[in-house]
1. Specify the residue that is farthest from the chain's Cα centre (by Cα); the eligible residues are those in the range 75-94 that are surrounded by 14 or more Cβ atoms within 10 Å (Cβ to Cβ) and closer than 30 Å to GLN247 by Cα.
2. Take ALA412 and tell me if it is within 22 Å of ARG489 (Cβ to Cβ), at pLDDT 80 or above, under 30 Å from the mean Cα position of the chain (by Cα) and open to solvent by less than 80 Å² (accessible area, probe 1.4 Å).
3. Considering the range 109-123 alone, what residues qualify as being open to solvent by less than 80 Å² (accessible area, probe 1.4 Å) and modelled with pLDDT under 75?
4. From SER47, SER55, grab the single residue that is among the small types (Gly, Ala, Ser) and open to solvent by 60 Å² or more (accessible area, probe 1.4 Å).
5. Evaluate the range 12-26: report whether one residue or more is in a loop (DSSP other than H, G, I, E, B), of a type in the set (Ser, Thr, Tyr) and closer than 30 Å to LYS329 by Cα.
6. Among the residues in the range 299-317, are any outside any helix (DSSP H, G or I), at pLDDT 75 or above and not hydroxyl-bearing (Ser, Thr, Tyr)?
7. So, of the residues in the range 324-351 that are open to solvent by less than 60 Å² (accessible area, probe 1.4 Å) and either under 30 Å from LYS413 (Cβ atoms) or in a loop (DSSP other than H, G, I, E, B) (or both), which turns out to be modelled with the lowest pLDDT?
8. So which residues in the range 449-481 are under 26 Å from TYR432 (Cβ atoms) and open to solvent by 90 Å² or more (accessible area, probe 1.4 Å)?
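The values are calculated or read from the model by the stated rules, or taken from the named source; none is laboratory data. Bear in mind the structure is a predicted one, so any value in this text is a computation, not a measurement. Here the Cβ is made from the backbone with ideal geometry for all residues, glycine too, and neighbour counts use every protein chain on show. Ligands, DNA and RNA are stripped out before the accessible areas are found, and what is left, the full protein with its side chains, is counted by its heavy atoms. Shrake-Rupley method; radii C 1.70, N 1.55, O 1.52, S 1.80 Å.
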Amino acid sequence: MNEFLGTKEDILNKLNINPKIGLTEDAKKLSLEKYGRNSFTKEKGISLFGKILESLKEPMILMLIFAGLIAIGVNTVNYLNGGHFDIFECLGIFIAISLSVVITIVMEGKSAKAFEALNSINEDIRVKVIRNGNMEIINQKDLLVGDIAFIETGNKLPADGRLLESVSLNIDESALTGESEAVEKDCDAIFTDEKIHVAERINMAYSGSFVTTGNGKMIITSVGDSTEFGKIARELSSTKKTSTPLQEKLAELGKKIALIGIIAAAIVFIIQVLNFIRIGEANFQNISEAFITSIVLIVASVPEGLPTIVAVSLSINIIKMAKQNALVKKMVACETIGSVNVICSDKTGTLTENKMTLNKLYLNGEYIEPENIKNEKIIENFCINSTADIDYKDNLIKFLGNPTECALLVGAKKSGFDYKEIREKSKIIFEYPFSSDTKNMTTVAEINGEYLVFTKGSPEKIISMCNINEEEKKDIESAIEKFQDEAKRVIA
């Protein structure tokens, strides 16, 4: 469906959704049946037999298999001619092969389970939606076409959607379009050209993008594989696999060993044949024995223990890296990932719980605990100058929105104030969302017939807006430095 065409009312009518009610129970079932879940189709996993075959394709293993088959052939011929069948030689080669394959499959299997556990964390990204007329927080994977979802600064978009509301909304779509600049969105924009490029659809929000400034509301129009990001993911899934440096080195080593072994065997065979000709004993039996001796030399040149030693060494590295919280999916990749000195990672929500707590308030020269905040204007700033919500269930607090704003709402709750009651008593006139340019968020509200402007943000920005003397400014700056020394985030 070309959800960017026409008006937003057309999309709502097409999906038969009331934006104030959202999906009902019946509508949820219909949407799930028609459009599916918000998850990418996983590639079919490789069976145990497939994993064994993949392990057997390693160059050194193939060389060992070839050597093992030659050993069986030579010993069989020797046995049929009345000689001895050296079963231990054949068993030794195939035991070495088995050990290498088993170690590889077991270690990679453990890593695969750990990766599955980590990937399941990504499915716990929470999304604020309206369902049955109520505000709910659901997992990203439970999002359905027709859901009315709220988005705000810092959010990673969970699916594609047509914007219903937008307040100073800018979205970074670089992962999708390659454009480095954030796109300014307009929920009221109307297009009639079906060929308009994704980067120019300013009335849409796309999965995998990030909200840089502002907030908005959208109706979900595509989920999972049907999203623009999902289409790219499907194309990328068909990429060819390449070899690691270690695999290339082992393959090269295998070729060199095989070449040297064959050349040495050929030289020995030729010398033996020439010697038989010289002494006049060049008959079929002697020449066949010389050939078998040469073949045995090829088998002897193959290092049976090398693949096992490599597998054991790599498995030890995997265990060591796992103890340092580093997972390696493919065992042969240990050689390259083991050379990494620095890993750069986003912190919030990755290395932390993505939750914040109001620790202390500095007001009029005093340090105040969250439980003792009595200044109503400060509390109103916490509650009104915010787009977040909090939900109390089973003595647990669920953050619904920006973690900083949620922490302030919890602080208001600790001081005995109900943020919902405060919001009900006020009328929002206008909002100026937080942005990296303005460095503050401002809300104009009417309370009991009085117009008030609440703002919060960077201390430097807020201080510059205040009519205070140098002494007061120095006191505030020293308080800021004290908080920063304690590794606290400071807002004013």
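1. As a first pass, look at the range 75-94 and keep what is surrounded by 14 or more Cβ atoms within 10 Å (Cβ to Cβ): 75, 77-78, 85-86, 89-90, 92-94.
Retained after the next criterion (residues that are closer than 30 Å to GLN247 by Cα): 89-90, 92-94.
Numbers: GLU89: 48, CYS90: 46, GLY92: 43, ILE93: 41, PHE94: 40 Å.
For the range 75-94, the residue satisfying everything is GLU89.
2. Values: within 22 Å of ARG489 (Cβ to Cβ): yes; at pLDDT 80 or above: yes; under 30 Å from the mean Cα position of the chain (by Cα): no; open to solvent by less than 80 Å² (accessible area, probe 1.4 Å): yes.
No.
3. Restricting attention to the range 109-123, the residues satisfying the condition of being open to solvent by less than 80 Å² (accessible area, probe 1.4 Å) are 109, 111-112, 114-115, 117, 120, 123.
Selection gives SER111, ALA112, ALA114, PHE115, ALA117, SER120, GLU123.
4. Working: SER55 fails: open to solvent by 60 Å² or more (accessible area, probe 1.4 Å).
Among SER47, SER55, only SER47 is among the small types (Gly, Ala, Ser) and open to solvent by 60 Å² or more (accessible area, probe 1.4 Å).
5. Initially, the range 12-26 is screened for residues in a loop (DSSP other than H, G, I, E, B), giving 16-22, 24.
Those still in the list that are of a type in the set (Ser, Thr, Tyr) too: 24.
Remaining after also requiring closer than 30 Å to LYS329 by Cα: none.
No, the range 12-26 contains no residue that is in a loop (DSSP other than H, G, I, E, B), of a type in the set (Ser, Thr, Tyr) and closer than 30 Å to LYS329 by Cα.
6. First, the residues of the range 299-317 that are outside any helix (DSSP H, G or I): 302-305.
If we keep only those that are at pLDDT 75 or above as well, we get 303.
Cutting the leftovers down to not hydroxyl-bearing (Ser, Thr, Tyr) gives us 303.
For the range 299-317, residues outside any helix (DSSP H, G or I), at pLDDT 75 or above and not hydroxyl-bearing (Ser, Thr, Tyr): present.
7. So in the range 324-351, the residues open to solvent by less than 60 Å² (accessible area, probe 1.4 Å) come out as 326, 328, 331-335, 338, 349.
Checking the rest, the ones that are also either under 30 Å from LYS413 (Cβ atoms) or in a loop (DSSP other than H, G, I, E, B) (or both) come to 326, 328, 338, 349.
Numbers: ALA326: 73, VAL328: 75, GLY338: 65, GLY349: 50.
Here the answer is GLY349.
8. Within the range 449-481, GLU450, TYR451, VAL453, GLU460, MET465, ASN467 qualify.
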